[in-house]
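The structure appears below as structure tokens.
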Amino acid sequence: MQIGKITRFKSDSEENNLLFTGNFHTMEFSIDYFELIRNPFRSPDTKRPDYLIYGRNAKADKVEIGAGWHREFLREGIKGEMISLTFDDPSFKNPINVTAFKGDDEDSWPITWRRERAKPAV
């Protein structure tokens, strides 16, 4: 189910490592605007996220609200790219995990969500 998208930030200079802007909406939750920033502390030998996610609070202050991990995959012989996004905040009951898949349009990646299937009782 598509619930939003991220769009590649276009600029002659990458301001503050801003790579994407985005939004997503559900019946109970809405983020009209967020930014994916290249994580300055990322290194290949760690599991640190590739991106940090920033939003704005009610006072318009920029606050960190999550992280993202860039992944490449191969499915049925077709290579693809995705960014796994986790939004979290003390006000959330649980973190929100979604995925943005690179589609036909290099600059606009749809954000999808799906409920995890219940694990069978053992």
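The values are calculated or read from the model by the stated rules, or taken from the named source; none is laboratory data. These numbers come from a predicted model, not from an experiment. Here Cβ is always computed from backbone atoms with ideal geometry, including for glycine, and neighbour counts include all displayed protein chains.
Summary of values
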{"read-out": "The one condition in (1) surrounded by 14 or more Cβ atoms within 10 Å (Cβ to Cβ); (2) modelled with pLDDT under 90 that residue 30 fails to fulfil", "value": "(1)"}
{"read-out": "Verdict on residue 9 being surrounded by 13 or more Cβ atoms within 10 Å (Cβ to Cβ) and at pLDDT 90 or above", "value": "no"}
{"read-out": "Residue in the range 56-67 that is of a type outside the set (A, V, I, L, M), in contact with a Lys or Arg (Cβ under 9 Å, 6 or more places away or on another chain) and in a strand (DSSP E or B) present", "value": "yes"}
{"read-out": "The range 14-33, subset out of contact with any His (no Cβ under 8 Å at 6 or more places or on another chain), in a strand (DSSP E or B) and in contact (Cβ under 8 Å) with a residue 40 or more places away in the chain, residue nearest to residue 2 (Cα to Cα)", "value": "24"}
{"read-out": "Pairs where the first residue, in the range 67-85, is surrounded by fewer than 14 Cβ atoms within 10 Å (Cβ to Cβ) and the second is among the aliphatic types (A, V, I, L, M) and in a strand (DSSP E or B), C-beta under 6 Å, 6+ apart", "value": "71/82"}
{"read-out": "Residues of the range 86-95 satisfying the condition of being free of Cβ contacts under 8 Å to residues at least 12 places away in the same chain and more than 20 Å from residue 114 (Cα to Cα)", "value": "90, 91"}
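For every residue, the table says whether it meets (1) at pLDDT 95 or above; (2) assigned to a strand (DSSP E or B); (3) polar (S, T, N, Q); (4) under 20 Å from residue 1 (Cα atoms).
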{"residue": "40", "(1), (2), (3), (4)": "no, no, no, no"}
{"residue": "45", "(1), (2), (3), (4)": "no, no, no, no"}
{"residue": "52", "(1), (2), (3), (4)": "yes, yes, no, no"}
{"residue": "80", "(1), (2), (3), (4)": "no, yes, no, yes"}
{"residue": "86", "(1), (2), (3), (4)": "yes, yes, yes, yes"}
{"residue": "121", "(1), (2), (3), (4)": "no, no, no, no"}
